[in-house]
Amino acid sequence: MLLGRTANGLYWMNRYIERAENMARLVDAGLRMALTRTQSASEEWSSVLLSAGSDVTFSQKYSDYTAANVADFLLRDTSNPSSTMAAIETARNNARMVRTALTRETWESINEAWMALKRMLAKPIDERDLPSVLDAIKRETALIRGSFYGTMLRNEIFDFSQLGTYVERADNTARILDVKYYVLLPSISWVGSTLDNYQWESILRSVSAHRSYRWVYDADYKPTNIADYLILNVRMPRSLTFCYRFLSEHLKFLGDDYGERHACHATAEKTQTMLRAGSIKDIFDAGLHEFLANFIRDNTKLGNEIAQDYRFN
Amino acid sequence: MRLAAFDEMLPEVSGLRRPYSAYDRWLKEQDPARLTEKMQDAERVFRKTGITFAVYGEQEASERLIPFDIVPRIISGNEWRRLTQGIEQRVQALNAFLDDIYHRQEILRAGRVPTELIARNEAFLPEMIGVRPPAGVYTHIIGVDIVRISEDEFYVLEDNARTPSGVSYMLENRETMMQLFPELFQKIKVRPVENYPQLLRQSLAAVRPQGTKGAPTIAVLTPGSYNSAYFEHAFLADQMGVQLVEGQDLRVVDGHVAMRTTEGYKQIDVLYRRVDDSFLDPLTFRPDSALGVPGIMDVYRAGNITIANAPGTGIADDKAIYSYMPEIVEFYTGRKAILGNIPTWRCSEPDSLKYVLEHIHELVIKEVHGSGGYGMLVGPAATKKECEAFAKKLQAKPSNYIAQPTLALSTCPILTDKGLAPRHVDLRPYVLVSDRIQIVPGGLTRVALKEGSLVVNSSQGGGTKDTWVLDD
């Protein structure tokens, strides 16, 4: 038994930790592209913003898609609620609220991440320091994850935390795929072909999968393979199938513990069944964009249902 | 002005005091550079664990640390025994006074305390008249502020009978000291304070409502994570293994207070509330309060929940009542107070007011209802202009103030850049009341870090020290 408000705090704490790291990863991928392909740098940054879902708010504030502006907006601007700094701050506020549910190690790692990033992101980032700042962000979130997995009891507190992590992650992966795929694919007829294009790496890099991709598929970047990897691969920790495997598992634990099933259980199972049955060919035949749009909508619905079913809305 | 203060470690006249002898031997063997390092370690530990407090009115520094000094304040076993006798007597009297004041009011009829002091006091809650809390306990947790001015003279500065804070610092200070100087605790036998959360939990469980079935469900009620003492609320809930709830989590269900959980509403039997009386129940007190629970007072009056401390206990620690404490102790315990009061002028009395105005530069003047060191004047430290301005406020509403002589509070050494230096201290031991009275050996020592300063409040630049009661 957990206070509804505590479940809420755990859920959002983890969503925001995940988001803080995702932003760093997106900027990292963008930076990489901008460095290797100087001509289309501004296009690349614009697609980074699109993937982050922050293009509209960005354009209200800036006119130039430069590394400095985008990094500033996505990493340190606290008026952007999804920026790394804002996300870490929200995560910490939630952690503070649910302190009693966290191990000392977990709380301290979040608090220390907040202190370190606050110091590091206090001033605009010098472009020369950007790689080390991105590393530091990833290191801090990795430390949080490590303390969390290493010390937390696998109970309902853990379950609600993981629900937040995977709902956020699934949303993030689906958006990146949806946005980037169409920016990058010259025409739909290219779908089956091998592309000798560094840009494909940016999709994989956005989800830290550019190396592991080569362990699973050929060294060539094939659009179908990339989509298969990010949507259907069971072992890839940021794929939609992977996220739903764990969402279903933690929802099942909660259902068993409390002896009660809710609407969220049905929704998660439906999506999982759909992912398990599907092949990448089917998805492309029916339309990747439609598939992803449906997925994002159902994923949002799942988040809302979890909040409602466990009384933390 | 410098006062000749009694130093608890090294008094000028008699030299090193016994309780400090073992510590002093150890200290002399230490490398000063290492001690400075340890001091920085301590600060890092506190920041990391997030032991911060908020200072009202300072937006930027919304989370600050209370500075911690690594030199312990040491009390001998004998000194402690004498103190605890006095504290126990006082706490008994406070509870008896509260029970009387909300029932037969015999002390008023006997003329020992003026009736108008109660009747027109905001801390007196008419809603509590005739209500008897579960197990008859009003103040379950008390922090008695004690000052020392010589080898044998201890005085009570203030009784905190509402929601005394700071106990988490007592615990974290000890924890930090044990981390920094494990070898010291092997050399010197210090009585433990670590079991305070267990004692608190047992104490709260012991005063559960009569009708409670099975083990009582206990919760800590906090105003929320933006409250200055939030860290402590979370800390205590965590250490006791109980839920930390906010008003928004609670509501009255079937005549009981219940919290909204992931499995629906669950009944609460004992609520350790860290929310002020006036915010506790919008249906009874402040209607705009979102921090409390609508209807909790009805549940309370029906005997279905224990609220610790009980609503209305503020009447016992009110600064206007304070000056009557010697009479109150004697009235209920039949004996003279073991622990004395600091002589106090009630400015509501014309003769006293006259005296206070004439001696304003020598006195400490406090608001009757104030706390945290806000709204007070330390005469000897104030400029002539400040004294004049304060005198005007005083004349406009004399009953709002009391005055006390500026006492030479005892000092304890702190570690500074230039080595040890004496600073004024006070002491807040924590007392738990259930079917018995328990006092944890130690407490919170607050220290004025500024040289010569007498204000130890954390909101005014005070720090803390670990407090050792020797097992001798």
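None of the figures in this text is laboratory data; all of them are computed from the coordinates on show. Just so it is clear, the structure is predicted and the values come from calculations on it, not from any experiment. Ideal geometry is used to build each Cβ from the backbone, glycine not excepted, and the neighbour counts take in all protein chains shown.
Per-structure values
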| read-out | value |
| --- | --- |
| Cβ charges +1 (Lys, Arg) and -1 (Asp, Glu), total dipole of chain A, debye | 540 debye |
| Residue (of B:Met240, B:Ala310, B:Tyr300) at the positive-pole extreme of the protein assembly as shown, dipole from beta-carbon charges | B:Met240 |
| Vicinal HN-Hα couplings computed from phi for the stretch B:337-349 (Karplus, 6.51 cos²θ - 1.76 cosθ + 1.60; Hz; Gly/Pro x) | 5, 6, 9, x, 9, 7, x, 10, 9, 8, 5, 5, 8 |
| Dipole magnitude (debye, nearest 20) for the protein assembly as shown, charges at Cβ of Lys, Arg, Asp, Glu | 480 debye |
| Kyte-Doolittle mean at least 0.0 and Cα axial length at least 18 Å: DSSP H helices in chain A | A:130-151 |
| Choice from A:Val179, A:Val207, A:Val216 showing the highest fluctuation, given a GNM over chain A with Cα pairs closer than 10 Å | A:Val216 |
| Members of B:Lys28/B:Lys189; B:Lys336/B:Lys397; B:Lys213/B:Lys266 lying beyond 23 Å, as alpha-carbon distances in this model show | B:Lys336/B:Lys397 |
| Label-to-label distance, nm, for residues given as B:Asp351 and B:Glu12 (7 Å Cα→Cβ offset) | 3.5 nm |
| For chain A, with +1 on Lys and Arg beta carbons and -1 on Asp and Glu, the positive-most of A:Leu35, A:Ala286, A:Ala266 along the dipole | A:Ala266 |
| Distance between the stretch A:113-178 and the stretch B:74-100 - C-alpha centres, whole angstrom | 51 Å |
| Sequence-distant residues sharing a close amide H with B:Val245 (under 5 Å, placed H) | B:Val220, B:Leu221, B:Thr222 |
| With 20 Å bins from 0: P(r) over chain B, alpha-carbon pairs, percent | 23, 57, 20, 0 |
| Charge dipole (debye, nearest 20) of the stretch A:1-133; +1 at Cβ of Lys and Arg, -1 at Cβ of Asp and Glu | 520 debye |
| Gaussian network model of chain A, Cα within-10 Å springs - most flexible of A:Ala227, A:Ala87, A:Ala142 | A:Ala142 |
